[in-house]
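Quick notes on the structure that follows.
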Amino acid sequence: MKRDFTKLLDISLKEGEYLLKRAQYLKRHRADKRVRLPLAGKSLAMIFEKASTRTRLSFEVGMRELGGHAIFLSPGETQIGRGEPVRDTARVLSRYVDAIMVRTYLQDVVEELAMWAAVPVINGLSDLYHPCQILADLFTVQEYMGDFRDVRIAYVGDGNNVANSWLEASILFNLDFAIATPAGYRPAKDLLEKAAGNKRFRLVTDPYEAVKGADVIYTDVWVSMGQESEKKRRRRVFAGYKVDERLLKPAKRSVIVMHCLPAYRGEEISEEVFEKYHDVIFTQAENRLHVQKALLEWLITNNA
């Protein structure tokens, strides 16, 4: 049966644990030329409606390192940009490639592709979710802290797609997770209701309360793609949510700070804090590659 990865809760706890373990193996053996190429002869179509650095590089390099091939598709270069129905695009691509990755605005586009495609569909990012990012982030926490289920994680900032996927991670892995957002900028209501079943989940408006005793502090941009017209208002609303040295004080002395990039220093994170934890942040970026290789291998080989 075809499997898709449109959001983090598409996978089970056991499957999530397998993917993280497999990513660890692939990272450790990346330079080993004797490692088999499980996706030799396989192709990935990459649909980009949003700009990208890490998503494109990690999927493209990942497919190459697994022995396969990735094809970049932008709206301006395909019939997608001229109004071809998503379901037709899905059915056409299914005749050519072994998987589809899409980076888009609407989650509905991801889900329609998955509904009509005969091959696995991966959500590279939508306005609602960013599941590949959070899977890589969990892998990063595991590398730095050990078992992330024993780690207190605090998210500070906008209740955006990254926050939504962190909520899904807290549900799937039963995380000790706190999130601090302004009242009008909370994550998706249905996810908050699901997360509330986890006694280790906390939703607050005070960032200092969220980071108290935290092992990990996580932040993201205040203005996501497509929200540029809200920039001035968002900067005012989120002014008290900057991750700076002052905000680190209630956290554990061993705290690490994470950011999914791109980062706007002086807004959601200070220059000093960013540079202090730059190794963690850029390890996050690298780990997109290893986790997505595990995901691609798992989805494509199980669909063969």
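By the count of other C-beta atoms within 10 Å, a proxy for reagent exposure, LYS242, LYS21 are ordered fewest to most as LYS21, LYS242.
Exposure proxy ranking for MET225, MET1, MET46, based on other Cβ atoms within 10 angstrom of each Cβ and starting from the fewest, stands as MET1, MET225, MET46.
Mind pulling the angle between the C-alpha long axis of helix 161-173 and the longest principal axis of the chain? Nearest 10 degrees, somewhere in 0 to 90. Relative to the chain, helix 161-173 is tipped by roughly 90 degrees. Taking a ≥ b ≥ c as the square roots of the Cα gyration tensor eigenvalues, with a/c under 1.5 meaning rounded and otherwise prolate when a/b beats b/c, else oblate, which class fits region 253-304? In terms of gyration-tensor shape, prolate. The Rg/Rh ratio for region 50-89, using Cα coordinates for both the radius of gyration and the Kirkwood hydrodynamic radius, is 1.07.
Comparing VAL211, VAL221, VAL35 in a Gaussian network model of the chain where C-alpha atoms under 10 Å apart are linked, the largest mean-square fluctuation is found at VAL35. Over region 60-204, the alpha carbon radius of gyration divided by the compact-protein estimate 2.2 N^0.38 Å works out to 1.21.
Could you state the angle between the C-alpha long axis of helix 107-116 and the longest principal axis of the C-alpha atoms of the chain, as a value from 0 to 90 degrees rounded to the nearest 10? Tilt relative to the chain: about 30 degrees. Near ALA163, once Lys and Arg are set to +1 and Asp and Glu to -1 for all other residues with Cβ below 9 Å from its Cβ, the sum equals -1. The alpha carbons of region 132-284 give a radius of gyration and a Dmax of 14.1, 41 Å, in that order. Between GLU193 and LEU13, full extension at 0.36 nm per residue minus the direct alpha carbon distance yields a gain of 62.9 nm. Convex hull volume of the C-alpha atoms in the chain, normalised per residue: 128 Å³. Of the peptides 170-180, 244-254, 138-148, the ranking by mean beta-carbon count within 10 Å, highest at the top, reads 170-180, 138-148, 244-254. Each eigenvalue of the Cα gyration tensor of region 1-141, multiplied by 5 and square-rooted, gives one semi-axis; in descending order these are 25, 18, 14 Å. Mean residue ellipticity, 222 nm, helices only, the chain: the sum of -39500 (n - 2.57) across DSSP H runs of n ≥ 4, divided by residue count and rounded to 500, is -13000 deg cm²/dmol. Computing FRET efficiency as 1/(1 + (r/R0)^6) for LEU37 and ALA304, where r is the C-beta to C-beta distance and R0 is 22 Å, gives about 0.95. Comparing GLU77, GLU60, GLU168 in a Gaussian network model of the chain (Cα springs below 10 Å), the most mobile by mean-square fluctuation is GLU77.
Quick note: the coordinates plus some simple rules give every number you see, no bench work behind them. Treat the numbers as computed from the prediction; the structure is a model and nothing was measured. Backbone-built Cβ (ideal geometry, glycine too); neighbour counts: all protein chains shown.
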